[in-house]
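Here the structure comes first, spelled out in structure tokens, and everything after it is commentary.
The values are calculated or read from the model by the stated rules, or taken from the named source; none is laboratory data. Model, not experiment: these values are computed from the prediction. Note that each Cβ is placed from the backbone with ideal geometry, even for glycine, and that neighbours are counted across all protein chains shown.
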Amino acid sequence: MRWPKVEFIRCELHNHTNESDGNLSAEELAAYAAEHNFEVYALTDHNVVSGQSKVAAAIEKNHYTTQLIKGVEVTTIYGHILGLGMEDMFDFIELNPYEPDSFFLNMRACGAEVIGIAHPFCIGNPIMTGCRYTMELDDYRLIDYIEVYNTSGGDTELGDRFTGNYDALNWWEDLVHQGYDLAALTGKDLHDVRPEYEEVFLTYVPVETKASDKTRQVINGIKRQETFITKGPWLTGELRGMKLHLKFDHRNTYLNWHEVYQDLKPVISVRYSNEEEEIFDITFKSEEVVLPLAKKADRVTLRIYDKEISNQSIILAGKVFKQGGHA
């Protein structure tokens with residue numbers, strides 16, 4: 001089949017400065033983001049917006065090519081909620097965790113174009129009070145995405161026990177298969193400069209051509225559920241009837257993917273629900289792969305593993321394919 005030209009925007013949408021609990025100044029965050037090639041990143045300080053203009057000024061002053069999305073991590077004792085596009089805060093002292101609809105609507109009123117739940121299965125009390133999401137939201141159409149991997153703890157088993165990433169990914173897939181159009185993202189949750197964690201997931205948004213305003217493309221990509229998380233491969237595809245057409249792009253230099261990908265033994269899991277999946281052994285020798293599915297589904301989610309199906313061997317996840325659509 002003929003594939004459209006696609007480019008991929010890297011985005012880091014969960015970061016902090018010393019305007020809240022981070023150790024980086026706004027200027028230091030802007031410099032770090034530029035040095036580490038964050039094409040689009042968000043400032044999401046806890047319950048304050050005072051750093052937004054400072055980061056924007058640092059980008060302009062130093063002529064960085066990175067682009068900023070202003071945001072807030074609205075921090076409650078019932079969970080942390082990311083509002084991208086927020087430039088004002090609101091009083092949520094009367095938040096009812098059992099009926100939180102008005103809370104999310106207030107985030108929209110303060111400019112949140114997309115809303116995401118940060119680290120929903122973080123260990124929480126008594127070690128990290130408030131970090132675990134415990135609100136009882138009945139309609140997940142009020143939000144736009146789940147932070148399925150918070151990479152602040154690296155990619156170790158212990159780190160994931162604290163952040164609850166595997167549970168978050170499973171929950172996101174369950175909500176998608178319930179019919180909710182939610183995107184999946186990572187969150188670096190950057191608070192300071194420290195040695196780089198190896199082999200953590202990154203978030204990408206596929207676009208036909210990178211525009212001058214990549215922040216708008218990222219926001220729209222989240223709304224359209226087009227994001228995915230990866231340790232290397234870029235991926236687009238189409239679900240047509242009982243066939244899933246996949247197109248891989250191995251030019252990503254992250255973790256030297258462009259050099260090592262042919263040595264891997266990829267295993268693909270196509271999920272119709274959290275209880276029903278098909279497994280395919282493929283090779284990366286061909287950039288185009290067609291998977292013959294056992295049933296026709298309105299939507300499927302996909303994970304790619306290296307060699308074996310285990311949480312530690314996931315190399316790509318968070319991808320949704322809907323019948324007849326290109327993603």
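Within the range 30-72, being hydrophobic (A, V, I, L, M, F, W, C), closer than 24 Å to Ile146 by Cα and surrounded by 18 or more Cβ atoms within 10 Å (Cβ to Cβ) holds for Ala33, Phe38, Val40, Ala42, Leu43, Val49, Leu68, Ile69, Val72. Just one of the numbered conditions (1) assigned to a helix (DSSP H, G or I); (2) surrounded by 17 or more Cβ atoms within 10 Å (Cβ to Cβ); (3) not aromatic (Phe, Trp, Tyr) is not true of Val260: (2).
The sole residue among Leu202, Leu169, Leu175 that is under 29 Å from Glu94 (Cα atoms) and out of contact with any Asp or Glu (no Cβ under 7 Å at 6 or more places or on another chain) is Leu175.
Could you tell me whether any residue of the range 198-209 is assigned to a helix (DSSP H, G or I) and assigned by TED's automatic domain parsing to the domain that holds Leu82? No, there is no match, as no residue in the range 198-209 is assigned to a helix (DSSP H, G or I) and assigned by TED's automatic domain parsing to the domain that holds Leu82.
Anything in the range 104-159 that is part of a loop (DSSP other than H, G, I, E, B), touching a strand residue (DSSP E or B) at 6+ places or on another chain (Cβ under 8 Å) and charged (D, E, K, R)? List them, or say none. Glu113, Arg132, Asp144, listed by residue number.
For the range 177-188, the condition holds for at least one residue, the condition being that it is part of a helix (DSSP H, G or I) and modelled with pLDDT of 95 or more. Does the range 73-81 contain any residue that is free of Cβ contacts under 8 Å to residues at least 12 places away in the same chain and either assigned to a loop (DSSP other than H, G, I, E, B) or surrounded by fewer than 22 Cβ atoms within 10 Å (Cβ to Cβ) (or both)? Within the range 73-81 (the criterion being free of Cβ contacts under 8 Å to residues at least 12 places away in the same chain and either assigned to a loop (DSSP other than H, G, I, E, B) or surrounded by fewer than 22 Cβ atoms within 10 Å (Cβ to Cβ) (or both)), the answer is no, since none of the residues qualifies.
The rows are residues; the columns are (1) closer than 19 Å to Leu239 by Cβ; (2) at pLDDT 95 or above; (3) not aliphatic (A, V, I, L, M).
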| position | (1), (2), (3) |
| --- | --- |
| Arg251 | no, yes, yes |
| Asn274 | yes, no, yes |
| Ile279 | yes, yes, no |
| Asn311 | no, no, yes |
| Lys319 | yes, yes, yes |
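Taken over the range 194-242, the criterion of being basic (Lys, Arg) and at pLDDT 95 or above is satisfied by Lys210, Lys214, Arg216, Lys223, Arg224, Lys231, Arg240.
Yes/no per residue for (1) in contact (Cβ under 8 Å) with a residue 24 or more places away in the chain; (2) farther than 27 Å from Asp167 by Cβ:
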| position | (1), (2) |
| --- | --- |
| Thr227 | yes, no |
| Leu244 | yes, no |
| Asn256 | no, yes |
| Asp263 | no, yes |
| Asp306 | yes, no |
| Gly324 | yes, yes |
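Within the range 138-176, no residue satisfies the criterion of being at positive phi and within 13 Å of the chain's Cα centre (by Cα). Residues of the range 312-327 that are in contact with a strand residue (DSSP E or B) (Cβ under 9 Å, 6 or more places away or on another chain) and in a helix (DSSP H, G or I): Ser313 alone.
Within the span defined as the range 84-97, one or more residues are of a type in the set (A, V, I, L, M, F, W, C), in contact (Cβ under 8 Å) with a residue 24 or more places away in the chain, surrounded by 14 or more Cβ atoms within 10 Å (Cβ to Cβ) and in a loop (DSSP other than H, G, I, E, B). Within this structure, Thr301 passes the test of being crowded, with 18+ Cβ neighbours inside 10 Å and polar (S, T, N, Q).
Residues that are in contact with a strand residue (DSSP E or B) (Cβ under 8 Å, 6 or more places away or on another chain), under 15 Å from Val193 (Cα atoms) and not hydroxyl-bearing (Ser, Thr, Tyr) within the range 13-25 comprise His14, Asn15, His16, Asp21, Gly22, Leu24, listed in sequence order.
For the range 187-245, a tally of residues being among the hydroxyl-bearing types (Ser, Thr, Tyr) and surrounded by fewer than 18 Cβ atoms within 10 Å (Cβ to Cβ) returns 3.
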